[in-house]
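Worksheet for the structure shown next.
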Amino acid sequence: MDQTPGIVVTGASGRMGRMLIEVISQSEAARLVGALERPGHDWIGRDLGEAMGGAAMGVTVGDDPLEAFANAQAIVDFTSPDATVAHADLAAQARAVHVIGTTGFAEEHLTRLKAAARHATIIRAGNMSLGVNLLTVLTRKVAEALDTSFDIEIVEAHHAQKVDAPSGTALMLGEAAAAGRGVSLDDVADRARDGITGARKTGDIGFTAIRGGDIVGEHDVIFAGPGERIVLRHVASDRSLFARGALKAALWGQGRGPGEFDMLDVLGLK
Ligand SMILES: NC(=O)C1=CN([C@@H]2O[C@H](COP(=O)(O)OP(=O)(O)OC[C@H]3O[C@@H](n4cnc5c(N)ncnc54)[C@H](OP(=O)(O)O)[C@@H]3O)[C@@H](O)[C@H]2O)C=CC1
Ligand SMILES: O=C(O)C1=N[C@H](C(=O)O)C[C@H](O)C1
């Protein structure tokens with residue numbers, strides 16, 4: 001009998017859902033045991049592979065997370081904040097590792113995830129790629145080394161369908177920069193500029209979001225100082241890197257106790 005961890009993918013028809021299904025079904029280290037969509041979605045009750053336009057995969061798309069999670073060792077969730085928070089309680093009940101790639105959480109969502117992590121292994125990151133997680137480490141180091149004569153600006157660009165801003169990655173980078181400076185991001189984030197804004201406040205960390213076309217994800221952290229500028233950049237050109245990171249997290253989480261982890265834990269970058 002196959003002893004590899006069984007994984008359920010939520011939001012199966014989404015951009016990341018499809019990519020996750022491809023990556024997990026090609027992996028020898030895990031098995032795809034379930035795929036979920038919203039009740040009423042036209043994929044419900046169909047074979048997943050056929051719904052995706054290919055050969056049958058022997059996995060039927062469902063709309064009942066409780067039923068699907070009961071057979072899983074990990075849930076990989078790139079959906080929406082409300083859906084993810086609901087899944088977290090059910091994943092905890094099923095004792096399955098919950099890997100969360102969803103972004104755009106409000107404080108109340110994060111409070112509920114923290115509560116779920118008292119009973120479950122949650123691994124959450126606004127970006128699952130090795131490159132971005134390394135970039136957060138570099139950002140923290142550069143911010144630590146420079147004083148506030150260097151203004152920090154984070155510029156991100158994504159496809160036209162993205163619904164949240166700033167991106168989860170931009171916020172991770174902002175948190176890293178703020179930590180390097182020994183301040184709280186909430187106290188220094190400047191997330192909206194329009195009209196007569198006045199001069200930039202020393203110590204602020206600014207965010208700019210570009211949306212257009214099919215951009216996968218690009219992030220610049222700019223340190224603009226007197227007479228010089230440092231730019232740290234990450235460019236994602238293929239969503240499979242996020243899916244590979246999520247699979248790595250699902251495998252890393254097997255056998256861990258409850259708690260909230262991130263990709264720095266998974267990648268050994270802490
Ligand atoms: N951490 C990372 O590395 C990455 C994170 N992301 C994040 O992942 C999330 C998804 O991105 P993407 O795949 O591009 O988005 P899509 O809109 O393409 O896919 C989201 C999927 O989730 C489903 N969904 C949304 N709400 C619910 C709900 N309440 N119940 C059940 N299913 C639901 C959607 O169904 P429906 O269409 O019916 O709404 C859809 O199938 C975003 O938050 C994005 O920022 C993306 C890439 C990388
Ligand atoms: O929505 C996306 O597409 C992405 N979302 C994540 C984010 O909000 O940072 C990660 C990646 O940049 C793609």
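The values are calculated or read from the model by the stated rules, or taken from the named source; none is laboratory data. All values derive from a computational prediction rather than experimental measurement. Because the Cβ atoms are built from the backbone with ideal geometry, glycine has one as well, and the counts that use them run over all protein chains shown. Heads up: the accessible areas ignore ligands, DNA and RNA and are worked out on the full protein's heavy atoms, side chains in. Shrake-Rupley method; radii C 1.70, N 1.55, O 1.52, S 1.80 Å.
Data overview
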quantity	calculated
Check on ASP64, under 27 Å from GLY255 (Cα atoms), within 16 Å of ligand 1 (Cβ to nearest atom) and in the same structural domain as THR102 (by the TED database)	yes
Residue in the stretch 157-213 that is farthest from ligand 2 (Cβ to nearest atom), counting only those that are closer than 15 Å to GLY104 by Cα and part of a loop (DSSP other than H, G, I, E, B)	ARG191
Residues (under 14 Å from ALA170 (Cβ atoms), touching a strand residue (DSSP E or B) at 6+ places or on another chain (Cβ under 8 Å) and loosely packed, with under 14 Cβ neighbours inside 10 Å) located in the stretch 182-211	ILE210
Failed item, numbered, when VAL137 is tested on (1) outside the structural domain of ILE230 (by the TED database); (2) open to solvent by 30 Å² or more (accessible area, probe 1.4 Å)	(1)
Filtered residue count, the stretch 215-240, keeping only those that are over 17 Å from LEU173 (Cα atoms) and in contact with a His (Cβ under 6 Å, 6 or more places away or on another chain)	1
Filter pass, LEU90 being without any contact (Cβ under 8 Å) to a residue 60 or more places away in the chain and crowded, with 20+ Cβ neighbours inside 10 Å	yes
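Matching residues to (1) open to solvent by less than 70 Å² (accessible area, probe 1.4 Å); (2) closer than 24 Å to GLN161 by Cβ; (3) of a type in the set (Lys, Arg):
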position	(1), (2), (3)
GLU22	no, yes, no
GLY34	yes, no, no
GLU37	yes, yes, no
GLY58	no, no, no
GLY62	yes, no, no
